[in-house]
Amino acid sequence: MRRNYFKFGVLYAMIAAAAVTQGPYQVLKTAKVGGLGGFDYIFADDAGRRLYIPRGAVEGATPTPARVTVFDLDTLAPVGEIPNTRANGAAVDPKSGHGFSSSKPVAMWDTKTLALIKTIEVAEKCRPDGILADPFNQRIYVLSHPTMDATVIDAKNGAVLGTIDLGGAPEQAVTDGKGHVYVVIQDKANVAVINAKTMKVTAHYDFGDKGSRCNGLALDTKNHVLFAACGQSGIPAVTPPRPMMVILSAKDGKILTSLPLAGGSDGAVFNPATMEAFSSHGNGTMTIVKENSPTSFVVEQNLQTMAGAKTLTLDSKTNHILTMAAEYGPPPAASPAEGAPPQGKGGRPARGPMVPDSFSIIVVGK
């Protein structure tokens, strides 16, 4: 069994390497900023020039508390943190100058001073994961898997305005800034469409492929095109996984096309300045899809980044994509009785401890 796990790891690495293609993008900078603790989402406040990365707590002889770390978006130098906050993501409302974390309770802070303004309680069974700031009416959407809903918060004062039943486990959300919010539903293979005024789901855009599990979602607001980045596809899901990007109309959910991804996506973003969609993958690849027209799309490049760099964010001022990853030591030894390595989150083989000071921010650009 241990040999099988090893072979699977080697095969996955070979598939990722084979998927890499030449193109205009490259890794411009890798900044080893260090720090212990797990990580999930990365968020660029391109107006305030801040980069937010939540980090998890670490137990042991020298415990490290959970916090939201904050960096200068231009230099990647650390500028502070939101302490004692166990979050998966962060979002900023530029108009009010307030930042929010997808944590329990939700933290609300001043983006200039990083001083905590207040904490906001959410439902008992809510487990905040993804988060979105919608400039349309200055609301924050905090997404939760177990409750399959979004908690909506007023960005101006932190008041909870209500919850929206999404009908499934939400992952990434995007907004068109004109009254529509779109949420990719991981376990239902669809996108939920929210009316931002009424706080009601008005439609579900089905992918037709019930085997897909999509975590990433990006939006071309000008041409009303959604890019749903899926970790697997097929009915039932094929083995080994066949990651795909499903491209569909944001107006009516019509499927425009599907394109292969170089790995299982955990995040996507669209850059309107270059008309490209980006999907980041845990196997250390990033797929760039070029929108040649509202109905014509091609895989422009599959870029090698760093193993574990599974989420991403866009700095619209520089047109740079930022992602993050860390190095890990050898995984725990297999139990002689079980004959296989211990399992980590989601049934994946457990990995070893994070190598000290290896946590890195990766900048991708032309």
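Assorted remarks:
- GNM top mover of VAL79, VAL289, VAL269 - the chain, alpha-carbon springs below 10 Å: VAL79
- The chain, dipole about Cα centre (Lys/Arg Cβ +1, Asp/Glu Cβ -1), debye to the nearest 20: 320 debye
- Taken per residue, the accessible surface of the chain reaches 44 Å², heavy atoms only and a 1.4 Å probe.
- When the alpha carbon coordinates of segment 59-160 are projected onto the principal axes, the ranges are 36, 34, 21 Å, largest first.
- Think of it as helices only: each DSSP H run of n ≥ 4 in the chain is worth -39500 (n - 2.57), and spread over all residues that comes to -1500 deg cm²/dmol at 222 nm.
- Radius of gyration and Dmax over the Cα atoms of segment 138-250, both given in Å: 14.2, 48
- Within segment 276-332, the percentage of alpha carbon pairs spaced more than 12 angstrom apart rounds to 68%.
- Kirkwood hydrodynamic radius over Cα pairs of segment 211-301, then Stokes diffusion coefficient at 10 °C and 1.306 mPa s, in µm²/s: 125 µm²/s
- Partners of LYS29 within straight-line reach, counting aspartates and glutamates whose Cα lies under 12 Å from its Cα and excluding those fewer than 8 residues away in the same chain: ASP74.
- Considering segment 24-82, its Cα convex hull presents a mean projected area of 5.0 nm².
- Using a 4.7 Å Cβ-Cβ cutoff, the cysteines of the chain lacking any partner cysteine are CYS126.
- Remark: spin-label model distance ALA77-SER316 equals 2.7 nm, labels positioned 7 Å along the Cα→Cβ axis.
- Taking the Kirkwood radius as Rh and the Cα radius of gyration as Rg, the chain has a ratio of Rg/Rh equal to 0.95.
- GluC sites (Glu not before Pro) lying in DSSP loop within segment 114-178, provided at most 16 other Cβ fall within 10 Å: GLU121, GLU124
- Residue pairs exceeding 24 angstrom between C-alpha atoms, taken from LYS95/LYS366; LYS156/LYS251; LYS156/LYS178: LYS95/LYS366; LYS156/LYS251.
- Among 242-252, 67-77, the peptide with the highest mean count of other Cβ atoms within 10 Å heads the list, and the full ranking is 242-252, 67-77.
- Bridgeable aspartates and glutamates around LYS197 (alpha carbons under 16 Å apart, same-chain partners fewer than 8 residues away excluded): ASP134, ASP154, ASP165, ASP176.
- Overall, segment 43-101 carries a charge dipole of about 140 debye about its Cα centre when +1 sits on the Cβ of Lys and Arg and -1 on the Cβ of Asp and Glu, all other atoms neutral.
- Carbon and sulfur %, accessible surface of the chain computed with the full protein complex present, 1.4 Å: 55 percent
- For segment 122-169, convex hull volume per residue from C-alpha positions, Å³: 66 Å³
- Comparing ALA87, PRO260, GLY48 along the charge dipole axis of the chain, the residue lying farthest to the positive side is PRO260, per the Cβ-charge model.
- Cβ crowding within 10 Å averaged over residues, with 193-205, 308-320 ranked highest first: 308-320, 193-205
- Charge dipole of segment 87-169 about the Cα centre (unit charges at C-beta), most positive-ward option of GLY162, MET108, PRO135: MET108
The values are calculated or read from the model by the stated rules, or taken from the named source; none is laboratory data. Fair warning: this is a prediction, and the values are worked out from it, not measured in the lab. We place every Cβ from the backbone using ideal geometry, glycine too, and count neighbours over all the protein chains shown. Side chains included, ligands, DNA and RNA excluded: accessible areas come from the protein's heavy atoms. Shrake-Rupley method; radii C 1.70, N 1.55, O 1.52, S 1.80 Å.
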